[in-house]
Amino acid sequence: MHARPALALLISLIFTCYPAYAGHHGDAQRGAVLAEKCEGCHGGNGNSRIDGFPNLANQKYFYLVKQLREMRTSAQGRTGVIDKPEHDYSELLRQRRSNEIMDAFVFNLTDKDIEDLAAYYSREPCNAKSDGAVLTAPQFDIRCQVCHGERGIASNRNVPNIAGQDAAYLEQQLLNLKGASENDGAQKRRASIMEGQVRHLSEQDIRDISLYYSRLPCR
Ligand code: HEC
Ligand code: HEC
């Protein structure tokens, strides 16, 4: 089987073209102060205990920066702050990530705020405790492992860790990505790399894989 080396090569090529946010790694101490506003939903140090809300502790710095920038763009677009000619909403309609709950918290963040917050959360230890035994991986998990690592901890800096993440949150994201190409203009999340991965999964597959990853140790 030569499929995996070939796939790995293809993926490294994809990531070469993937937007990486160069620059500093942020000021985690300043980020900790900014993060006080986020505690109510994401927990004291990024370890959320609310069903459906993501843990942020020990998540990848570059991944967090990318998500926060995308959600900020959506929040600003929604309220008309981004001043676009009326006929050119194409970019906003194909927004990459959008969630109204987050709008108020990302709307006014500067690039530096985002980097500092990402620096803070990426360095906090993840303490998520699984509420059940580790499950057997669904067979198609072999595909996910190529990018997300053997046990949901990715080695690539642009790929999020998904081990120990909240199950309901994972399920919602996978459903959002599966629905990304439908309902044009109202997507919650677009990420072409992932859209191809989830397109052929059934809702049951998505439930199974989400539960599977949620129970793996997050570090
Ligand atoms: C009122 C609750 C709430 C508050 C407060 C809040 N968030 Fe969120 N956050 C959410 C929800 C819900 C999601 C999931 C969004 C989705 O489904 O796309 C989320 C998603 C995120 C994500 C994406 C996580 C991932 O794994 O992709 C990041 C990063 C994030 N929030 C950072 C922050 C930061 C930084 C703050 C404070 C400045 C903050 N949030 C405040 C509710 C909140
Ligand atoms: C080719 C590489 C690749 C493969 C294969 C892959 N992923 Fe991903 N995955 C990514 C990247 C990159 C992201 C971040 C997308 C973004 O920036 O929004 C991601 C995001 C995710 C997220 C969202 C995490 C969060 O915190 O919101 C989940 C859940 C996920 N992947 C699950 C899976 C599952 C399940 C599979 C297998 C069916 C899989 N992935 C296969 C690269 C991959």
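Coordinate-derived values only; no laboratory data. Values in this document were obtained by computation on a predicted structure and should not be read as measured data.
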- Message: Going by amide H atoms built from the backbone, whose H comes under 5 Å of the H on Glu124, apart from near neighbours?
- Response: Asn58
- Subtracting the Cα-Cα distance of Lys37 and Phe107 from 0.36 nm times their residue separation yields 23.9 nm
